[in-house]
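Inspection log for the structure reproduced underneath, given as structure tokens.
The values are calculated or read from the model by the stated rules, or taken from the named source; none is laboratory data. Small disclaimer: the values here were computed from a predicted structure and weren't measured. Note that each Cβ is placed from the backbone with ideal geometry, even for glycine, and that neighbours are counted across all protein chains shown.
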Amino acid sequence: MDNVKVVIFAGGAGTRLREETEYRPKPMVTIGGMPILLHIMKIYSHYGFNDFVIALGYKGDMIKKYFLDYLELNNDIEVNLKTKEVRFLTDLKENLKVTLVDTGLDTMTGGRLKKLQKYVGDSTFMVTYGDGVANINLRKLYDYHKTHGKIATITGVRPSSRFGELNIEKNIVMDFREKPQISGSYINGGFFVFEPEFFNYLNDDESLILEREPLEKVAEDKNLMIFKHDGFWKCMDTYKDFLDLNRIMSESAPWIKDLED
């Protein structure tokens, strides 16, 4: 499935995680010594999705530098000073293609996605945030999306939390409410699949928030379906979340160990 583009939002300032994000973008905050962005990419890659488009913003140069330096930093290297030849000696397992796009410092998620349209193309694509991990079977998510014929699929999860609530009838999302006051249902887990027609719900307004008008409108049009995930899911929204994820990583790392083959 190398032709399926995976968009990852990596441009926000992460102000609620200021202890870590003052010096680096949130997707570069490390869990178990590795940026959470790479954890997310490895989940997708496990299921055969290896073509990534990263929406950059806050301190995006650090993410660019990370991938530009990736081969050097993760390889045994032989350098011939006489011939100026450099050889990488390690057979890296990662099969990743990464497109890094500056989508603006203050652009919101809907505006960022619209700016990536020319890189995504006219095929089914996937979208997620650069701060959440799960032991989700992304192949099943994608296959489910392709069976129902709707424009969009959202992954619903059920933590005791605070994100976008989904009102569901027979797996059709009847309405989308971002961060309701009272939540006891499935919430927005942040793993999406979209048909290219979804770009018709976006505009060039950099203040456009994906989780507001675009998803609300596609739900009103009965074109938003839910893929229910009742397994592990965790978003790194605060410093406590950062500490929790590092603790979980040291104990079990379910987003790595519990992936289905």
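For this structure, a couple of remarks:
- Of all residues in the range 85-96 being without any contact (Cβ under 8 Å) to a residue 40 or more places away in the chain and loosely packed, with under 11 Cβ neighbours inside 10 Å, the one that is farthest from residue 48 (Cα to Cα): 85
- Condition check for residue 82 on (1) surrounded by fewer than 15 Cβ atoms within 10 Å (Cβ to Cβ); (2) in a strand (DSSP E or B): one failure, at (2).
- The residue that is farthest from residue 10 (Cα to Cα), counting only those in the range 136-155 that are outside any helix (DSSP H, G or I), of a type outside the set (Ser, Thr, Tyr) and modelled with pLDDT of 95 or more, is 150.
- Any hit, the range 111-127, residues being of a type in the set (Lys, Arg), in contact with a Phe, Trp or Tyr (Cβ under 8 Å, 6 or more places away or on another chain), closer than 19 Å to residue 40 by Cβ and outside any loop (DSSP other than H, G, I, E, B): yes
- Close Cβ contacts (under 6 Å, 6 or more residues apart or on different chains) running from residues in the range 191-212 that are free of Cβ contacts under 8 Å to residues at least 60 places away in the same chain and more than 19 Å from residue 102 (Cβ to Cβ) to residues that are part of a helix (DSSP H, G or I) and of a type in the set (D, E, K, R) comprise 201/217.
- Here 153, 103 are screened, and the one residue that is of a type in the set (Val, Ile, Thr) and under 16 Å from residue 27 (Cβ atoms) is 103.
- Candidates are the residues of the range 103-112 that are crowded, with 17+ Cβ neighbours inside 10 Å and under 26 Å from residue 34 (Cβ atoms); the one that is farthest from the chain's Cα centre (by Cα) is 103.
- Look at the range 97-125: where a residue is farther than 16 Å from residue 201 by Cα and a partner is crowded, with 18+ Cβ neighbours inside 10 Å and aromatic (Phe, Trp, Tyr), sitting 6+ places away or on another chain with Cβ atoms under 6 Å, you get 98/52.
- All told, residue 16 falls short of being surrounded by fewer than 16 Cβ atoms within 10 Å (Cβ to Cβ) and either under 24 Å from residue 135 (Cα atoms) or free of Cβ contacts under 8 Å to residues at least 60 places away in the same chain (or both).
- Among the residues making up the range 113-154, those that are touching a Ser or Thr at 6+ places or on another chain (Cβ under 6 Å) and surrounded by fewer than 22 Cβ atoms within 10 Å (Cβ to Cβ) are 115, 119.
- In the range 220-252, of all residues being under 16 Å from residue 135 (Cβ atoms) and among the charged types (D, E, K, R), the one that is surrounded by the most Cβ atoms within 10 Å (Cβ to Cβ) corresponds to 234.
- Whichever residue in the range 29-38 is surrounded by 21 or more Cβ atoms within 10 Å (Cβ to Cβ) and assigned to a helix (DSSP H, G or I) and, among such residues, is nearest to the chain's Cα centre (by Cα): 37
- Residues of the range 89-130 satisfying the condition of being among the acidic types (Asp, Glu) and over 15 Å from residue 6 (Cβ atoms): 91, 102, 106, 122
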